[in-house]
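First the structure, in the form of structure tokens, and then the observations on it.
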Amino acid sequence: MSARENLPASTRQLMTELQSSGLRLVDPRAGVSSRRGGAGPSDHKAVTVDGVTIMVPVHTSTAWASPFVAGQPDANGNSALMRNTIPIASIRFPKTPRFYAMQTLDGVPYSHIATLHSADVLATTVLQSCIRYESRRKSCKFCAIGQSLAAGRTIARKTPEQLAEVARAAVLLDGVKHMVLTTGTPPTPDRGARILCESAFAIKAAVNLPIQAQCEPPDDDRWFERMKASGIDTLGMHLEAVTPAVRERIMPGKATVPVSRYMEAFEAAVAVFGRGQVSTYILAGLGDGAQAIVDMARELIALGVYPFVVPFVPISGTPLEDHPAPAPEFMRSVLAPIGAMLADAGMRSADIKAGCGKCGACSSLSSYEV
């Protein structure tokens with residue numbers, strides 16, 4: 001049983017509330033710098049609660065009005081968590097990783113190539129552009145993939161050599177345990193699978209690090225075999241929303257790939273990567289009802305796909321920046337039954353080899369797998 005599954009109910013409830021309500025910071029500089037914009041988890045900060053590190057919104061409109069406040073941290077990064085003015089728990093902010101101080105021979109900071117997510121997960125967006133994002137009419141309304149690039153905090157295309165160099169340093173200097181490779185969708189039928197293969201092959205040649213790749217379903221299911229052969233251990237293909245009406249309203253471009261194609265791709269991918277090693281993101285709070293999310297999760301679990309359900313975070317500068325975050329009660333109504341289904345199916349996050357579901361920092365779902 002993982003540390004998350006051992007959590008008392010009060011801590012699980014606190015984590016769910018923090019991820020819905022966000023956190024106000026007395027000292028915004030504490031610990032690992034927060035992430036603004038970019039591709040997922042954005043406008044968040046890593047916070048350790050009862051020994052478990054989660055990502056908590058700190059730059060959203062919801063967070064600015066949150067009842068939760070983090071006091072001034074001490075020299076070890078420990079801080080008092082207050083609900084309004086009443087101390088309720090002790091939290092800690094992880095330290096800035098050592099590999100952030102390094103740069104490539106041509107002067108690119110390592111933090112512009114890959115970043116630390118949570119406590120021990122390295123993540124990068126290999127291609128920091130997307131055919132969906134380039135058109136306001138077709139773009140996903142929650143997406144901020146172009147913001148970090150425009151702000152000069154990343155580079156447009158990370159080469160396989162750069163990724164291998166940074167991954168090796170992150171493992172040696174900071175004890176990183178696994179890595180996430182995501183990408184904007186390029187204008188090619190493989191939808192990014194090719195560049196993910198090239199990246200994974202170079203990383204695995206440099207360091208033994210489990211890798212999750214994330215992309216839209218490619219045009220040809222044979223890409224799943226190629227991805228596995230390149231060194232990719234787990235695969236994420238993200239639905240985000242589950243009902244056609246919400247998908248068409250929130251992400252009109254991506255919705256042109258129907259849910260039926262995702263389900264076909266999931267089945268083909270599970271045959272290659274194995275049960276529980278294929279996952280999908282579902283953003284709760286975009287408009288899908290709780291029962292619709294639970295019903296979709298049931299279908300996914302039956303296919304062997306891990307439904308990583310996270311609370312929607314309204315990112316500043318996006319069309320949905322003023323969209324309300326889901327209430328903690330709504331999240332509990334979704335996470336509790338899905339967590340029970342995952343436990344019954346023997347598909348626990350701790351058994352995933354790499355990726356967002358294994359990290360679990362953006363959702364308290366794994367704490368419900370009891």
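The values are calculated or read from the model by the stated rules, or taken from the named source; none is laboratory data. Note that the structure is a prediction, hence the values are computed from the model and not measured. In this analysis, Cβ positions are derived from the backbone assuming ideal geometry, glycine residues included, and neighbour counts consider all displayed protein chains.
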Residues within segment 170-184 that are part of a loop (DSSP other than H, G, I, E, B) and touching a residue at least 60 places away in the same chain (Cβ under 8 Å), tallied = 2
Scan segment 202-210 and give yes if some residue there is surrounded by fewer than 21 Cβ atoms within 10 Å (Cβ to Cβ) and in contact with a His (Cβ under 9 Å, 6 or more places away or on another chain), otherwise no.
-> yes
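A quick yes/no check of all residues on (1) in contact with a Gly (Cβ under 8 Å, 6 or more places away or on another chain); (2) modelled with pLDDT of 90 or more; (3) farther than 23 Å from ALA167 by Cα:
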residue	(1), (2), (3)
SER79	yes, yes, yes
PRO97	no, yes, no
CYS130	yes, yes, yes
SER135	yes, no, yes
PHE142	no, yes, yes
GLN147	yes, no, yes
Take the residues in segment 200-235 that are charged (D, E, K, R) and within 18 Å of the chain's Cα centre (by Cα), then tell me which one is farthest from THR188 (Cα to Cα).
-> ASP233
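Here is a yes/no grid of residues against (1) over 20 Å from ALA101 (Cα atoms); (2) not in a loop (DSSP other than H, G, I, E, B):
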| position | (1), (2) |
| --- | --- |
| ILE131 | yes, no |
| SER139 | yes, no |
| PHE142 | yes, no |
| SER148 | no, yes |
| ARG168 | no, yes |
| THR188 | yes, no |
| PHE201 | yes, yes |
| ALA205 | yes, yes |
At pLDDT 85 or above, under 19 Å from the mean Cα position of the chain (by Cα) and not acidic (Asp, Glu): does that describe VAL32?
-> no
Please list, ordered by first then second residue, the pairs with beta carbon atoms under 7 Å, 6 or more apart or interchain, first in segment 80-100 and without any contact (Cβ under 8 Å) to a residue 12 or more places away in the chain and farther than 22 Å from PRO8 by Cα, second assigned to a strand (DSSP E or B) and among the aromatic types (Phe, Trp, Tyr).
-> none
Considering segment 170-181 alone, what residues qualify as being crowded, with 23+ Cβ neighbours inside 10 Å and out of contact with any Asp or Glu (no Cβ under 6 Å at 6 or more places or on another chain)?
-> ALA170, MET179, VAL180, LEU181
Of the residues PRO73, PRO94, which is surrounded by fewer than 21 Cβ atoms within 10 Å (Cβ to Cβ) and in contact with a Ser or Thr (Cβ under 6 Å, 6 or more places away or on another chain)?
-> PRO73
When HIS112 is evaluated against the numbered criteria (1) at pLDDT 95 or above; (2) touching a helix residue (DSSP H, G or I) at 6+ places or on another chain (Cβ under 7 Å), which criterion, by number, is the only one it fails?
-> (2)
If GLY274 satisfies every condition in (1) without any contact (Cβ under 8 Å) to a residue 40 or more places away in the chain; (2) of a type outside the set (A, V, I, L, M, F, W, C); (3) touching a helix residue (DSSP H, G or I) at 6+ places or on another chain (Cβ under 7 Å) but one, which is the exception?
-> (3)
